[in-house]
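Read through the structure below, which is laid out as C-alpha cells, and then see the notes.
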C-alpha cells in the first residue's frame with residue numbers, strides 16, 4: 001500500500017467550483033473558465049503515489065499549483081474533487097475532529113518563512129506541536145531537546161529566533177516538525193529563503209536525517225538542482241497539471257515534452273547520472289570452469305580483447321585478456337586462475353563525476369550482492385554526456 005495516494009485531484013477557486021469539474025472534463029481550458037465563469041483552476045486532475053520512506057519533489061514555476069497540492073494533502077486547502085489516501089484512509093472523507101487527529105499524529109510541516117514564534121525560545125518553539133497535543137511538560141521538553149540535538153542546535157535551546165541565522169531558524173522549524181514524530185513531512189519551499197551556501201548545507205542535513213529517520217517527505221521547490229539532489233521521484237507541474245513524473249534520471253534522459261526539455265536544458269547531467277545509467281551490458285562472460293581456448297573462441301567471435309570471469313552466481317571473479325589467454329593456451333594450461341586480473345569496481349549509484357579522470361577502464365559495476373551488473377567503458381561515459389535526447 002502506498003503511504004500517500006492521490007487520485008484525480010482538482011482544486012478550483014471561486015464560487016460554485018464543483019460545477020467546473022464537468023466543464024473541465026468536457027475540454028474547457030483554464031482560460032475559458034476564468035473568462036466565462038470567473039473560476040481559477042489551481043490543480044487539474046493530479047494523480048500520484050508516494051511510497052513509505054520516499055522523498056517526492058513537486059516542482060514547477062510560480063503559479064503551477066505545487067503549494068496548493070501540498071496543502072490539499074492535509075486539507076489546509078479543501079480539494080474541489082478527487083481522493084487523497086494516507087495509509088489507505090481517505091482524508092477527504094474525514095470529519096473535522098478526525099482530520100485534526102490525523103494532522104497531529106501523521107503530519108509535520110516546514111514552511112519557507114520558518115513560522116517561528118518570536119516571543120518563544122528555541123526549545124519552546126520546538127515543543128509547540130507536542131504542547132498542542134497535550135503532552136506533559138517534562139516529556140515534551142525532553143523530546144524537544146532531543147530533536148534540537150538531532151538537527152545540530154544543542155546549546156541554543158534558550159536563544160530566541162532573532163538571535164539565530166536563517167539556516168539555524170529553519171533547523172528550529174525542522175525540529176518542531178520532527179518533535180511530534182510524524183510519518184510524513186510536508187516541506188513547502190523550505191530552503192528557498194536561505195542563502196545558496198546555507199541552502200546546500202540544509203539539503204545535505206535533510207538527506208543525512210532521512211538516512212536515519214526514513215520519513216516520507218513531500219518537498220516543494222522551484223529549483224531543479226534542488227529537486228534532482230533530494231528527490232527519489234520528481235513531479236513537474238505546468239498550469240496545475242502534471243507534465244511528467246519519474247526518477248531524476250528519467251526526467252533528465254527522457255523528457256516527456258518540449259516544456260520539460262527546456263526546463264532541464266541547463267542542468268549539468270554529470271552531477272545526476274550514475275554508473276548504472278551509463279554502464280553497458282557485458283557482451284558475454286566466461287566461467288572458472290572454462291579454459292583458455294574457450295575464452296579465446298568467445299573473444300574472437302565477439303571481436304573483443306578482454307572478458308569478465310564470473311562464478312555460477314554471476315559474482316565477479318576477475319578479467320582475462322586475449323593476449324594472456326593465447327599465451328596460456330600455447331602453454332597447454334587448463335585453468336584460467338593464473339591469468340585472472342583484478343578488475344576495478346564501482347557501485348551502481350556512483351556519480352559519473354567521480355569517474356572522470358580515471359585511467360583504469362573498463363570498470364565493473366557491482367551491486368551489494370557482488371554480482372556483475374555491467375561495465376563502464378570510456379566511450380559510453382563520454383556518450384552519456386553528449387547524448388541529450390529530444391522529446
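Just a few scattered comments:
- Answer from 348, 288 - the residue that is part of a loop (DSSP other than H, G, I, E, B), under 26 Å from residue 229 (Cα atoms) and not assigned by TED's automatic domain parsing to the domain that holds residue 232: 348
- Residue 103 part of a helix (DSSP H, G or I) and within 25 Å of residue 221 (Cα to Cα): yes
- Wholly enclosed helices (runs of 4 or more DSSP H) of segment 1-86 bearing at least 3 residues without any contact (Cβ under 8 Å) to a residue 40 or more places away in the chain: 18-25, 30-37
- Summed over segment 339-369, the residues that are over 22 Å from residue 381 (Cα atoms) and surrounded by 12 or more Cβ atoms within 10 Å (Cβ to Cβ) give a count of 2.
- Number of positions in segment 149-172 that are under 25 Å from the mean Cα position of the chain (by Cα) and more than 16 Å from residue 215 (Cα to Cα): 8
- The condition of being in the same structural domain as residue 111 (by TED's automatic domain parsing) and in contact with a strand residue (DSSP E or B) (Cβ under 7 Å, 6 or more places away or on another chain) holds for only one of 142, 177, that being 177.
The values are calculated or read from the model by the stated rules, or taken from the named source; none is laboratory data. All figures in this text were calculated on a predicted structure; none of them were measured in a lab. Cβ atoms come from the backbone with ideal geometry, glycine included; neighbour counts cover every protein chain shown.
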